[in-house]
Structure formats: C-alpha cells, structure tokens
Amino acid sequence: MSLNVNHVGNITKDRTGKYQDRFIEKPDAEFGKELIEWLAQGEKPSKPLPAQSYISTSLETLYAERKAVLNEISEIFQAKSANGSLYFSEDELSEVRMFCKTCDVSAEGITKLYNQRDFLMRELTQRRNAAAKQAV
C-alpha cells in the first residue's frame with residue numbers, strides 16, 4: 001500500500017483481488033484488524049523456503065528479466081486517466097527511455113531498472129490519487 005500526502009492509501013499489488021486498486025482514506029485500527037485477519041487466513045509453509053537471489057545471474061535470465069521490467073515500465077507509461085489522457089508527458093517518457101538505455105544487462109543494471117519501475121509506480125499511484133480527488 002502506498003499513502004499519498006492526504007493519507008489516502010492505495011493497494012497497488014494484490015494477487016488475491018481482495019484489496020487490489022482499493023482506496024483507503026486514512027487507514028485506521030479497524031483496517032489494520034481487517035488486514036491482520038486476512039493475513040492470518042494464509043497457510044504456513046511446511047518448511048522454510050530457500051533464500052532466493054532477487055536477480056538471477058545467468059545471461060539468458062538477465063535478458064529475460066530486463067525485457068520483463070522494461071515491459072512493466074512501458075505499461076506504466078501507457079496508463080491513462082478516466083478522460084483518456086496519459087499520466088506521463090512525452091518529456092518524462094523520453095527521460096526514462098534515456099535512463100533505461102544506460103542500464104546494461106547485468107544484475108546492477110536490472111536492479112536500477114527495478115528501482116526506476118518502483119519509483120514510476122509510486123508516481124503513477126500519486127497521480128491517480130490526485131485525479132481521483134479532483135473528480136470528487
């Protein structure tokens with residue numbers, strides 16, 4: 001969940017769909033209890049999961065990861081508001097394209113791309129929240 005300056009939370013990743021794209025105005029103790037109850041419904045793994053590296057080191061996998069994160073960045077830039085306008089300008093897109101070109105196919109380069117994607121997702125969430133507030 002990310003919170004904007006007005007204390008409106010937006011759940012941006014939820015593979016279950018329970019909270020996906022939900023806006024929570026000033027999350028309080030009641031929301032916290034609901035979240036804890038929901039999290040407690042999950043099953044504990046029978047044995048601890050092995051530690052996994054965040055990014056693989058095989059060249060083939062690095063190329064695949066780089067392509068995947070670049071696709072995610074592209075999807076963020078294609079996001080449109082309710083009136084059909086893009087949330088990001090052409091200048092912003094151009095700037096990010098230049099940045100992405102500097103990120104090579106290495107664990108470090110892909111980490112930079114993941115960081116850029118995360119930043120852009122937070123920015124998109126803020127812009128969506130601002131647009132939702134204006135619409136109200």
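Bear in mind that the values in this text are calculations on the coordinates, not laboratory data. Just so you know, these numbers come straight off a predicted model, no measurement behind them. Positions of Cβ are backbone-derived with ideal geometry, glycine not excepted, and every protein chain shown enters the neighbour counts.
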(request) Among [x] 11, 28, 26, 16, 10, 6, 2, 1, 0; [y] 10, 30, 31, 23, 6, 0; [z] 13, 50, 35, 2, find the value of P(r) over Cα pairs in 10 Å bins from 0, in percent that was calculated from the structure presented, and write down its label. (result) [y]
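Take peptides 111-117, 3-9 and line them up by average Cβ neighbours within 10 Å, highest first, as a rough protection proxy. All intermediate terms of the calculation are to be shown ahead of the outcome.
Working: 111-117: 17.0, 3-9: 14.1.
Those peptides, ordered most packed to least, come out 111-117, 3-9.
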(request) Quote to one decimal, in nm, the extra length available between Asp21 and Ala82 on full extension: 0.36 nm per residue of separation minus the C-alpha distance between them. (result) 20.5 nm
(message) Just want the answer: with Cβ charges of +1 for Lys and Arg and -1 for Asp and Glu, which residue in Gln116, Ala82, Cys103 is farthest toward the dipole's positive end in the stretch 55-136?
(response) Ala82
(message) Just to be sure I understand the rule: take each whole DSSP H helix in the chain, project its Cα atoms onto its long axis, keep it if the span is 24 Å or more and its mean Kyte-Doolittle hydropathy is at least -0.5. Which ones pass?
(response) 59-78
